[in-house]
Structure formats: C-alpha cells, structure tokens
Amino acid sequence: MTVHDLPRLSLIVPCCNEAEVLSTTHARLLSVLESTGKTWEILYIDDGSHDRTWVLIGSFAAPDPRIRGLRLSRNFGHQRAVSAGLDAARGQVVVIIDADLQDPPELIPAMLDRWRQGADVVYGQRRTRAGETGFKIATARLFYRFLDRLSDVRIPLDTGDFRLMDRTVVEAVKAMPERDRFLRGMVAWAGFAQEALPYDRDSRAAGVTKYPLSRMIAFAADALFSFSVIPLRFATWMGFATSGLAALLIVYALAMRVVVNHWVEGWTLLIIAVSFFGGVQLICLGIIGEYLGRTYHEAKRRPLYVVRADTAQPSPSPRSER
Ligand code: UDP
Ligand code: MG
C-alpha cells in the first residue's frame with residue numbers, strides 16, 4: 001500500500017452500548033463525510049458493549065472497506081477506547097467524535113477548513129450544553145476552572161474530546177505511554193497550533209449517558225492527579241498552618257499562666273487537637289497514596305486495551321471446526 005492509498009481523514013467513534021443510536025449516527029456521519037470530498041475511514045471502537053452495538057458495527061463494515069470496527073475484550077473506558085482508535089487510525093487528519101450525536105458531525109467541514117488554514121488541533125468548545133442536568137453543567141464548569149488553576153498545562157475550558165488533530169499531534173499523543181489517560185489534557189500538553197471552534201452541544205439522540213456521577217468523579221481525579229502535583233504540597237501547607245496554630249496556643253497558654261495565673265485546662269481541647277491533627281495527617285497520607293497507586297499502575301506497564309475482534313482481519317475459524 002502506498003501513501004496515496006491511505007485515507008486523508010480518519011473518524012474515531014468510541015461506542016459503549018450505543019445500539020439505540022448507532023444507525024442514526026452512522027447515516028449522519030456518512031452524509032457529512034461524503035460532503036468533505038476527502039478520502040476517509042470510520043473507526044468504530046466497541047468498548048465492551050453488552051447490546052447489539054458490535055452486530056451493527058459489523059453490518060456497517062461488511063459492505064464498505066472504509067469502515068472498520070475494533071471490539072475490545074471488555075469495557076476499558078472511553079479514554080482508552082479513543083486511544084485504541086488513535087493507534088488504528090491511518091488518516092493524515094483525525095477527528096474524535098462521540099457516538100451519541102451530542103457533538104454535531106456537521107461541524108467537521110468547518111474543522112477541516114481551520115486545519116487547512118494551519119491549525120494542528122481544532123477542538124470543539126461547548127457554548128451551551130442541551131439536555132444535561134444543571135448539576136452536571138455546574139460541576140463541569142467548576143472542575144475545568146479548578147484544574148486550570150492547579151495544572152501547568154493550559155487545558156482549554158469547556159471542551160470534551162470532540163476535536164480534530166493533525167497526524168503530527170496524533171503521533172505525539174501516541175508517544176505518551178501513561179495508563180491514566182486524560183486525552184484532552186494530553187493533547188493540550190503536546191502543544192502545536194490549537195484553535196477553538198465554539199458550538200452548541202445537543203442532547204443525546206438516544207440511549208443514556210455512560211458517565212454517572214461515580215465515573216465523573218473518577219475521571220476528574222484522573223485529570224487532577226495526572227496533570228498536577230500541587231495536591232502533594234497540601235501536606236506542606238497544612239503543616240505550616242497547624243504548626244502556626246499550635247504556636248499561637250502555646251503563647252496563649254503561657255500568657256494565661258503568667259498574667260492571670262490560670263492553667264488552661266484542656267481535656268476537650270486535647271481531644272479536638274488530636275483528632276484535628278490525626279485527620280490532617282490521614283488526608284495527606286491519602287493524597288500521597290493516590291500518587292503512589294498511580295505510579296504502581298504505571299510501573300506494571302500493562303497494555304492500555306486488548307482487542308478481541310477487528311472487522312479488517314479475517315476471523316479465525318469457529319472453535320467447533322478446530
Ligand atoms: N464511552 C465508551 N466507553 C465508556 C463510556 C463511554 O466508549 O466506558 C463512549 C460512549 O459510547 C460515547 C462517548 O464515550 O460515545 C461519551 O459517553 P457519554 O455520551 O455516555 O458521556 P456524556 O456525553 O454523557 O458525558
Ligand atoms: Mg454523550
């Protein structure tokens with residue numbers, strides 16, 4: 001295969017139990033891609049779905065070699081599913097898009113225009129978010145601003161993974177071996193010319209969100225602990241603060257003794273002080289533990305994901321025939 005046979009544009013679509021929406025998504029993607037006038041491929045990554053997602057992907061891929069499906073051996077999570085897509089993508093330019101049509105595919109031609117004019121990364125920036133709870137919108141806003149304060153990397157505010165990347169950026173991201181993958185931060189870290197494309201986020205076309213609160217918290221923790229070491233300094237700050245407090249209390253106790261000849265009595269005070277310091281120390285240990293646990297996962301160097309099936313590879317003969 002020569003470089004001319006490679007598609008210009010690769011579209012990566014991570015899917016976890018998206019059977020309800022996938023046919024609609026596929027039709028919309030096809031009509032947008034045909035309008036770009038480029039050669040293209042679509043990579044559907046089935047991230048351990050339990051519904052008919054893989055069957056649908058197979059039916060899209062069978063008649064058209066430009067469509068490829070990868071089935072992961074279990075649910076590895078959205079960020080790793082996208083990483084699998086980045087590893088498989090062959091295009092000179094790559095676009096990541098959710099399967100649920102919350103990110104309008106009709107924006108892709110505008111992204112390509114920006115790319116042609118020299119941008120290496122064009123990320124969709126959410127102007128509004130339809131169909132999401134006030135709680136999700138508020139916590140997401142707060143989180144992006146908090147992370148921006150704590151991290152050295154300028155991660156663009158209010159963005160998701162809907163973005164276009166030039167091949168050079170894709171190679172830079174692929175060269176990052178970390179297990180905790182916060183892709184939008186990793187792309188920001190890579191640098192190059194990055195531009196925002198504001199858009200209004202639609203509500204899900206069908207199906208339910210795969211990011212309940214517990215997963216949102218885990219995702220936020222990944223972002224924080226992989227992009228900032230400032231929480232580790234919390235121990236130092238609390239150390240100074242509590243030592244300062246203790247010094248003040250000593251001065252107070254001495255003054256009471258010398259000036260009014262009164263011994264500060266202190267069973268209650270003692271218990272409060274002991275539990276306070278105990279609490280602070282445990283929190284600091286917990287923070288160190290978070291970093292240690294992540295270092296442990298990195299040290300094991302397990303692969304990011306395991307592929308169970310690939311529509312581009314002939315499937316092995318059924319077991320009954322072996
Ligand atoms: N997704 C995935 N694996 C997961 C969770 C989600 O591949 O473990 C996919 C999902 O199918 C969708 C995208 O990631 O294409 C974003 O997920 P979702 O729409 O549920 O998140 P939300 O938009 O509600 O934050
Ligand atoms: Mg969604």
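Inside region 124-150, can you point out the residues that are hydroxyl-bearing (Ser, Thr, Tyr) and in a loop (DSSP other than H, G, I, E, B)? Once the filter is applied, which keeps residues that are hydroxyl-bearing (Ser, Thr, Tyr) and in a loop (DSSP other than H, G, I, E, B), region 124-150 yields only THR133.
Residues checked against (1) within 14 Å of ligand 1 (Cβ to nearest atom); (2) closer than 17 Å to GLU290 by Cα:
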position: GLU195; (1), (2): no, no
position: ARG201; (1), (2): yes, no
position: ALA206; (1), (2): yes, no
position: ILE230; (1), (2): no, yes
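From the list ALA84, ALA62, the lone residue that is modelled with pLDDT of 95 or more and under 22 Å from PRO314 (Cβ atoms) is ALA84. Suppose the filter is modelled with pLDDT under 85 and assigned to a loop (DSSP other than H, G, I, E, B); does VAL264 pass it? Yes, satisfied.
For region 292-304, indicate whether the set of residues that are in contact with a helix residue (DSSP H, G or I) (Cβ under 7 Å, 6 or more places away or on another chain), closer than 30 Å to ILE57 by Cα and of a type outside the set (A, V, I, L, M) is non-empty. The answer is no; no qualifying residue exists.
Just to be sure, is GLU171 more than 16 Å from ligand 1 (Cβ to nearest atom) and farther than 19 Å from ALA84 by Cβ?
For GLU171, the condition - more than 16 Å from ligand 1 (Cβ to nearest atom) and farther than 19 Å from ALA84 by Cβ - is not met.
Taken over region 66-109, the criterion of being within 15 Å of ligand 1 (Cβ to nearest atom) and among the β-branched types (Val, Ile, Thr) is satisfied by VAL82, VAL95, ILE96, ILE97. When residues in region 34-66 are screened for being open to solvent by less than 60 Å² (accessible area, probe 1.4 Å), assigned to a helix (DSSP H, G or I) and in contact (Cβ under 8 Å) with a residue 40 or more places away in the chain, 5 of them pass. Condition first: open to solvent by 30 Å² or more (accessible area, probe 1.4 Å) and either on the phi > 0 side of the Ramachandran plot or away from ligand 2 (no atom under 16 Å from the Cβ) (or both). Now tell me which residues in region 127-150 satisfy that. Once the filter is applied, which keeps residues that are open to solvent by 30 Å² or more (accessible area, probe 1.4 Å) and either on the phi > 0 side of the Ramachandran plot or away from ligand 2 (no atom under 16 Å from the Cβ) (or both), region 127-150 yields ARG127, GLY131, GLY134, ALA138, ARG141, LEU142, PHE143, ARG145, PHE146, ASP148, ARG149, LEU150. For region 9-16, does any single residue satisfy the condition of being open to solvent by 10 Å² or more (accessible area, probe 1.4 Å) and either outside any helix (DSSP H, G or I) or within 19 Å of PRO104 (Cα to Cα) (or both)? Looking through region 9-16, at least one residue is open to solvent by 10 Å² or more (accessible area, probe 1.4 Å) and either outside any helix (DSSP H, G or I) or within 19 Å of PRO104 (Cα to Cα) (or both).
Suppose the filter is hydrophobic (A, V, I, L, M, F, W, C) and modelled with pLDDT under 90; does ALA119 pass it?
Criteria not met by ALA119.
When LEU112 is tested against the conditions (1) within 16 Å of ligand 1 (Cβ to nearest atom); (2) of a type in the set (A, V, I, L, M, F, W, C); (3) in a helix (DSSP H, G or I); (4) open to solvent by less than 40 Å² (accessible area, probe 1.4 Å), the lone failure is (1). Of the numbered criteria (1) open to solvent by 60 Å² or more (accessible area, probe 1.4 Å); (2) modelled with pLDDT under 85; (3) in contact with a helix residue (DSSP H, G or I) (Cβ under 9 Å, 6 or more places away or on another chain), the one ALA273 fails is (1).
Test LEU30 against the stated conditions and say whether it is out of contact with any helix residue (DSSP H, G or I) (no Cβ under 7 Å at 6 or more places or on another chain), outside any loop (DSSP other than H, G, I, E, B) and open to solvent by 10 Å² or more (accessible area, probe 1.4 Å). So LEU30 passes the test.
Among the criteria (1) within 20 Å of LEU6 (Cα to Cα); (2) of a type outside the set (Lys, Arg); (3) open to solvent by 20 Å² or more (accessible area, probe 1.4 Å); (4) within 22 Å of the chain's Cα centre (by Cα), the one ASN75 does not fulfil is (1).
The values are calculated or read from the model by the stated rules, or taken from the named source; none is laboratory data. Predicted model only: the values in this text are computed from it and were never measured. FYI the Cβ positions are ideal-geometry reconstructions off the backbone, even for glycines, and counts take in every protein chain you see. Side chains included, ligands, DNA and RNA excluded: accessible areas come from the protein's heavy atoms. Shrake-Rupley method; radii C 1.70, N 1.55, O 1.52, S 1.80 Å.
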